[in-house]
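The values are calculated or read from the model by the stated rules, or taken from the named source; none is laboratory data. Here the structure is a predicted model, which is why all the values come from computation and not from measurement. Cβ atoms come from the backbone with ideal geometry, glycine included; neighbour counts cover every protein chain shown. All accessible areas refer to the heavy atoms of the entire protein, side chains included, with ligands and DNA or RNA removed. Shrake-Rupley method; radii C 1.70, N 1.55, O 1.52, S 1.80 Å.
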Amino acid sequence: MPATGARPAGAADEDGAAHAVRQMFDSIAPRYDLLNHLLSANVDRLWWRRTARRFRATLARPETAILDICCGTGDLTMALLKLRPAGARPVLAADFARGMLRLGARKFGEQALRTSGIRRAPYAVPLEADALHLPLRAESIDLIVTAFGFRNLANYEAGLREFYRTLKPHGQLGILEFSEPGGLIGKAYALYFRRVLPAIGSLICGKRGAYKYLPVSVADFPPPKQMVEMMQSAGFVDCAWQPYTFGIAGLYTAVRPSIPNR
């Protein structure tokens, strides 16, 4: 049965799970980008860009309020900024892992992007925040996106409820997340994901636990059909899943309706 939230080894409850996830990502932050690009053969860069393009029309409006939650080291944030007009409202880039957020801010912060040579270059504001308890007003955000972070929340339904609370009516939600493809590709990928990836991750960053957790967390995560149903139960409409790269990853999309749908 799919998990209702992340449960790293040793975590007895939701608070323990959140603490373990925060510690784990802070510990691997220095090598996080290198490992992501290496282990995915740079396909992850295509996923960030494709996700950003899905919301191109929303990103093109300078007044749009955007939140990249569980932003990590900011790869998706940077993909979003490339589609923002000059002088646009800053993106909010939030994560509760301080080590990850600090590295991300070096990429997407105002000071970092002043050197780009683009007049009034769009930038993001780092925000240390828990996705389950966002320090944001209700109905204040036009677009919430997250890449490979939702799976690590201690309570998936609570996360969706918090996203719903924070989004404006007609606001959009995008969740880029791993899945488990079927068929021969799925079998080959499972072998790589469960055996090869943890070994390489441990060798490069010396943190075997984090890269053992990754395949387990993907296996435990709700499959697309169930995830879409969870989004619908949280009140969202137009809920859908678009697979990327044979279903290794995929983008969940949804809209908060103008009239509550629950």
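For the stretch 64-77, does any single residue satisfy the condition of being open to solvent by 20 Å² or more (accessible area, probe 1.4 Å) and under 19 Å from Leu134 (Cβ atoms)? Within the stretch 64-77, one or more residues are open to solvent by 20 Å² or more (accessible area, probe 1.4 Å) and under 19 Å from Leu134 (Cβ atoms).
May I ask you to list the residues in the stretch 34-51 that are touching a residue at least 40 places away in the same chain (Cβ under 8 Å) and under 14 Å from the mean Cα position of the chain (by Cα)? Listed by number, the residues that qualify are Trp47, Trp48, Arg50, Thr51.
Of the residues Pro8, Pro62, the single one that is assigned to a loop (DSSP other than H, G, I, E, B) and within 24 Å of Leu191 (Cβ to Cβ) is Pro8. In summary, Leu167 fulfils each of the numbered conditions (1) of a type in the set (A, V, I, L, M); (2) open to solvent by less than 10 Å² (accessible area, probe 1.4 Å); (3) in contact with a helix residue (DSSP H, G or I) (Cβ under 8 Å, 6 or more places away or on another chain) with the single exception of condition (3). Across the stretch 223-258, the qualifying residues are those that are in a helix (DSSP H, G or I) and at pLDDT below 95, and the one among them that is least open to solvent (accessible area, probe 1.4 Å) is Gly247. Name the residues in the stretch 135-161 that are open to solvent by 10 Å² or more (accessible area, probe 1.4 Å) and within 16 Å of Leu92 (Cα to Cα), would you? Within the stretch 135-161, Pro135, Leu136, Arg137, Ala138, Glu139, Ser140, Asp142, Ala147 meet the criteria.
Restricted to the stretch 175-191, and to residues there that are open to solvent by 30 Å² or more (accessible area, probe 1.4 Å) and closer than 16 Å to Ser217 by Cβ, the residue that is farthest from the chain's Cα centre (by Cα) is Tyr189. Restricting the search to the stretch 86-100, which residues are assigned to a helix (DSSP H, G or I) and over 18 Å from Arg151 (Cα atoms)? Within the stretch 86-100, Arg98, Gly99 meet the criteria. Out of Gly10, Gly16, Gly5, one residue alone is touching a Gly at 6+ places or on another chain (Cβ under 9 Å) and surrounded by fewer than 14 Cβ atoms within 10 Å (Cβ to Cβ). It is Gly10.
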